[in-house]
Every structure is written in C-alpha cells, then in structure tokens.
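> Below you'll find the structure I mean.
The values are calculated or read from the model by the stated rules, or taken from the named source; none is laboratory data. Note that the coordinates shown come from a computational prediction; the quantities given were computed from them, not determined experimentally. Note that each Cβ is placed from the backbone with ideal geometry, even for glycine, and that neighbours are counted across all protein chains shown.
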C-alpha cells in the first residue's frame, strides 16, 4: 500500500471560508476518484509557526499501489481541485511512501 501525505501553505490573507471550501473539495476526492482506499484533509490547528512552518492544511490518503496513486494524480476530478489549489496556494510539500 502507498501513503500519500501533502501539506499545503496558502497565500496570506486567504479567507477561512475559502480554506474550508478547498478542504471540502479535497475530502470529496475520496468518493469521486476510484482507487482511493482512504483520504482525509483538514485545517491545521497548530498555532506555533516553528512547528507548522506556516502550512495550513494537511491531507493523508492511502492507495493500494503506486498505479492507483498515479491514476488518482491524473484523474480529472483531482486535476480540477489541483487547479483551484494552484490559484490559492503559496507552496506545498508531498511525501509518498510504502506501508
């Protein structure tokens, strides 16, 4: 199995409502993209910038194998969310590993 971890840092001043919208769209990928075994996304509650490094949202997803992850990345629903993210993000960090 593959674990896919993403941390998102959004542009300064992004409204909380917009952040919640992005998280909702990320979580919806669990139901709309085949091959996702589990997926959860949420807004970080860590207020210490030394610990969070300014990252606002985290996502953790599990896939059966690398092919499932690759299919998820290319899926049109994922690409649509990615487009929204690129409009609102400052940066992101991705870590994929086998479990």
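> Could you tell me which numbered condition residue 93 fails, if it satisfies all but one of (1) in contact with a strand residue (DSSP E or B) (Cβ under 8 Å, 6 or more places away or on another chain); (2) in contact (Cβ under 8 Å) with a residue 24 or more places away in the chain; (3) surrounded by 13 or more Cβ atoms within 10 Å (Cβ to Cβ)?
Failing condition for residue 93: (3).
Every residue, every condition in (1) surrounded by fewer than 17 Cβ atoms within 10 Å (Cβ to Cβ); (2) in a loop (DSSP other than H, G, I, E, B); (3) in contact (Cβ under 8 Å) with a residue 24 or more places away in the chain, yes or no:
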site	(1), (2), (3)
24	yes, no, no
30	yes, no, yes
34	yes, yes, yes
47	yes, yes, no
58	no, no, yes
77	yes, no, yes
81	no, no, yes
84	yes, no, yes
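> Residues of region 62-75 being over 20 Å from residue 24 (Cα atoms) and either modelled with pLDDT under 95 or in a loop (DSSP other than H, G, I, E, B) (or both), which ones?
Those that are over 20 Å from residue 24 (Cα atoms) and either modelled with pLDDT under 95 or in a loop (DSSP other than H, G, I, E, B) (or both): 64, 65.
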